[in-house]
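Scroll down for the structure; my scribbles are underneath it.
The values are calculated or read from the model by the stated rules, or taken from the named source; none is laboratory data. Everything quoted here is computed from the prediction, not taken from an experiment. Cβ placement follows ideal geometry from the backbone for every residue including glycine, while neighbour counts extend to all protein chains displayed. These area figures cover heavy atoms from the full protein model, side chains too; ligands, DNA and RNA do not enter into them. Shrake-Rupley method; radii C 1.70, N 1.55, O 1.52, S 1.80 Å.
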Amino acid sequence: MEQLSLFDDRKTTSTPLASRLRPDSLEDFIGQEHLLGKGKLLRQLIDADHISSMIFWGPPGVGKTTLANIIANKTHAAFINFSAVTSGIKEIKEVMARAENSRAMGIKTVLFVDEIHRFNKAQQDAFLPFVEKGSIILIGATTENPSFEINAALLSRCKVFVLQPLSNQHIAKLLDNAIHNPKAFGQTKIDILPELLEAIAVFSNGDARIALNTLEMAITNAAVSAGTIHVSKDVLSQCISRKSLLYDKNGEEHYNLISALHKSMRNSDPDAAIYWLSRMLEAGEDPLYIARRLIRFASEDIGMADSQALPLAVSAYQACHFNGMPECNVNLAHTVAYLSLAPKSNAIYIAYEECRKDALQTLASPVPLQIRNAPTKLMEELHYGEGYEYAHNTEEKLTRMSCMPDSLQDRTYYRPTCQGAEAAAKARLEAIREWKRT
């Protein structure tokens, strides 16, 4: 067996695999069926060549740049790739001048701005007149929420499309294509087990670029024998810096393990909980995903029984950000043990679920006049705020004023338990309700 450093039986290239496999048409595009499936809005706009300026919002590696290229090809427009990281006002003006000249010759220009959220207000404003005149069709890509990162004036002139992380099935299809496509490894015989491709898909976390780069690294460093490249579990685990590859196809084990962790904590079993935590971390699970689930658990299963559980869980999330793996494993273990041993109450969870059902059925119920704000004279004349009772003006710091809509006057949602600190909350709430009844 010999070790491959370059692909001996293929033409080598410095072009990244993701670029070599970038599709040229919607038929070859993988993922985003909610936007590009038959009858979906974006697909119809592209097919009818009626596209206007738009923002693609989504995580890295889901096809934002690829989709912009496909749109430019489909609409027979000039395509300009513009980076917000390396460009300023001067470069924007130069590109706009080129677009104006193209428009004079009847040629549309699609201007793709990667990481558009990195532009400041002045730079974003520089696009406005050209978008309004139709000199350019602006397609911006961002990983950040456009509502907060894109100027309102520019955002109002763009349609926002939300791109989703690719599923494991999407990534697996992409990897299979890379192995058989002549632009990638199609000229080479590659031996790799399906579960290893699934492991790459799980590791990539919905990012096609990471998946393809990982596959390329594994194949580059694999052993070759009799003209076949053999990708082993050991080689792949080195490439993705994971000791074990435990998640099965369709991601079922991922959900089994987080369920086991959650239910072990709920059952106040720190030994089992820490075990399942370690199983997830050592299999390559994102520690931030686990930390987010712990934050949810702190309110769903503990709540007012120990209100310190929530800030501790949030601190664990921050610790994972600061330390990363493997250092943050002990931060998560600390939190898991605390949550396991904390007194349990799901009263807050039950209260919200019951409120949610009523809220959906009473969305049109008006806010009672006595608890409306009255910042204008007109609102005062309409009796906004009339009858409001200021609790701080009373000796008990309580009033009998109703804050519920008329249709829900008799509803009771929060029913505290006697667990932990919630017992004190229960006694306090019962006293308040009794005082209001009498």
- [ ] Name, by its number, the condition in (1) more than 19 Å from Arg292 (Cα to Cα); (2) touching a residue at least 24 places away in the same chain (Cβ under 8 Å); (3) exposed (fewer than 14 other Cβ atoms within 10 Å of the Cβ) that does not hold for Ala351.
- [x] (3)
Task: Enumerated helices (runs of 4 or more DSSP H) restricted to segment 251-370, each holding at least 2 residues that are under 30 Å from Gln169 (Cβ atoms) - done: 252-266, 270-282, 287-297, 309-323, 329-341
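Listed here are the residues, each with its yes/no results for (1) of a type outside the set (Lys, Arg); (2) at positive phi; (3) out of contact with any Asp or Glu (no Cβ under 6 Å at 6 or more places or on another chain).
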{"residue": "Glu27", "(1), (2), (3)": "yes, no, yes"}
{"residue": "Gly31", "(1), (2), (3)": "yes, yes, yes"}
{"residue": "Leu35", "(1), (2), (3)": "yes, no, yes"}
{"residue": "Lys38", "(1), (2), (3)": "no, no, yes"}
{"residue": "Arg43", "(1), (2), (3)": "no, no, yes"}
{"residue": "Asp47", "(1), (2), (3)": "yes, no, yes"}
{"residue": "His50", "(1), (2), (3)": "yes, no, yes"}
{"residue": "Met54", "(1), (2), (3)": "yes, no, yes"}
{"residue": "Pro59", "(1), (2), (3)": "yes, no, yes"}
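Can you pull out every residue in segment 79-127 that is among the small types (Gly, Ala, Ser) and open to solvent by less than 80 Å² (accessible area, probe 1.4 Å)?
Hits for segment 79-127 are Ser83, Ala84, Ser87, Gly88, Ala97, Ala99, Ser102, Gly106, Ala122, Ala126.
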Open item on the list: Please count how many residues of segment 407-420 are open to solvent by 60 Å² or more (accessible area, probe 1.4 Å), within 39 Å of the chain's Cα centre (by Cα) and not β-branched (Val, Ile, Thr).
Closed with: 6
Open item on the list: Can you tell me which of (1) buried (at least 22 other Cβ atoms within 10 Å of the Cβ); (2) in contact with a strand residue (DSSP E or B) (Cβ under 9 Å, 6 or more places away or on another chain) is the one Leu215 doesn't meet?
Closed with: (2)
